Amino acid sequence: MKIYRPNGRCNIVGERVRLLRKHAGLSQEELAAKIQLEGLDLTQKAVSRIETGSRIVSDYELLYLCRALNVPLWELLPDQI
């Protein structure tokens, strides 16, 4: 399977995750802990890789990110693709 990296990134939500995480006053470790409490084993390192665009984000992980950040799904998507 070939992984496409438009603009050198594996995902389109990482920058928004970082922005929303910082807006919520959370560290990467705190965000990972909130996600783990929801039932998904996501580490601080995984959050870092999502934010930098070096990690693919699955559809179900998007839902966990939304719950942990308390935002609707569309908030994770960039304004323009």
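Read-outs: derived from the displayed coordinates by stated rules, not from any lab. Please read these numbers as outputs of a predicted model, since none were measured by experiment. Here the Cβ is made from the backbone with ideal geometry for all residues, glycine too, and neighbour counts use every protein chain on show.
Note the angle between two axes, namely the Cα long axis of helix 28-38 and the longest principal axis of the Cα atoms of the chain, as a number of degrees from 0 to 90, rounded to the nearest 10.
Taking Cα atoms only, the helix is inclined about 70 degrees.
Please find, in a Gaussian network model of the chain (springs between Cα atoms separated by less than 10 Å), the residue of Ser58, Ser48, Ser27 whose mean-square fluctuation is greatest.
Of the options given, Ser58 has the highest mean-square fluctuation.
Using only Cα atoms and rounding to the nearest 10 degrees, what angle (0 to 90) does helix 14-23 make with the longest principal axis of the chain?
Approximately 30 degrees, to the nearest 10.
In nanometres, what is the gap between the two model label sites at Ser54 and Leu77, each 7 Å from Cα along Cα-to-Cβ?
Result: 2.8 nm between the two label points.
In percent, what relative contact order does segment 6-71 have, based on Cα pairs under 8 Å that are 6 or more apart in sequence?
Computed over segment 6-71, the figure is 44 percent.
Where Rh denotes the Kirkwood radius from the mean inverse Cα pair distance, what is Rg over Rh for the chain? Please report the intermediate quantities before stating the final value.
Details: Rg = 11.9 Å, Rh = 12.6 Å.
Looking at the chain, the ratio lands at 0.94.
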